Amino acid sequence: MKKSSCESSSKLDRKTVERNRRIHMKDLCFKLASLIPPQHPKPSNSKDTLSQQNQFDLASSYIKQLRERIENLKERKEKAMRSQLGIDANSTIDADNAMMVRSRLPVLELRDSGSIIEVMLISGLNKNFMLYEVISVLEEEGAEVISASFSTIGDKVFHSLHAQVKISRVGVETSTVFQRLQDLIY
């Protein structure tokens, strides 16, 4: 009697585990489908609701589209940075150009959009400053850093920080922030 009770309990446990797994997978599928924007093209034969396979295909094509867009934006960024630094967009950087670029580094750009401040820093690999110091300057001046990222391309490091003004009616004096950041990185 105990053996059959144990077996039925085990079967119920497996059924419960499997049901929970299916519910979890269904939830993940709904989350995936919700990430695809409504303007992303759907298959022409689609009805109001897509099958799970069609949702996966749609998500896959959307991810591929995003990857292509990222690559395109990276190329545009590289060309813009080259033009900003005075380098021909189609040339490779030779030793003379590299010296010219290094002599202009670091580059500091600060954009104030009301309650949002964007800081763009371009430095060489040999220029050492701590990102936390830049964040500290922003926070001491009344801004809260929302995001910070960096990428290395060749021998240059691109830092991008976005900060939001903590108290909107007080604001942040961007000229003071700019001066303090210049003092820090130069």
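Residues in segment 161-186 that are open to solvent by less than 20 Å² (accessible area, probe 1.4 Å) and under 19 Å from the mean Cα position of the chain (by Cα): LEU161, ALA163. The set of residues in segment 129-160 being open to solvent by less than 70 Å² (accessible area, probe 1.4 Å) and farther than 24 Å from MET81 by Cβ consists of SER136, GLU141, GLY142, ALA143. Of the residues examined, MET25 is one that is surrounded by 10 or more Cβ atoms within 10 Å (Cβ to Cβ) and over 19 Å from the mean Cα position of the chain (by Cα). Just checking, does segment 78-86 include any residue being modelled with pLDDT under 90 and outside any helix (DSSP H, G or I)? Within segment 78-86, one or more residues are modelled with pLDDT under 90 and outside any helix (DSSP H, G or I). Of all residue pairs spaced 6 or more apart or on separate chains, those with beta-carbon atoms under 8 Å, a first member in segment 103-114 that is in contact (Cβ under 8 Å) with a residue 24 or more places away in the chain and more than 14 Å from LEU161 (Cβ to Cβ) and a second member that is open to solvent by less than 40 Å² (accessible area, probe 1.4 Å) and among the charged types (D, E, K, R) are LEU105/LYS156.
The values are calculated or read from the model by the stated rules, or taken from the named source; none is laboratory data. If you're wondering where the values come from, they're calculated on a predicted model, not measured in any experiment. Please note: Cβ atoms are built from the backbone with ideal geometry, for glycine as well, and neighbour counts cover all protein chains shown. Areas reflect the complete protein model, heavy atoms only, side chains present, ligands, DNA and RNA absent. Shrake-Rupley method; radii C 1.70, N 1.55, O 1.52, S 1.80 Å.
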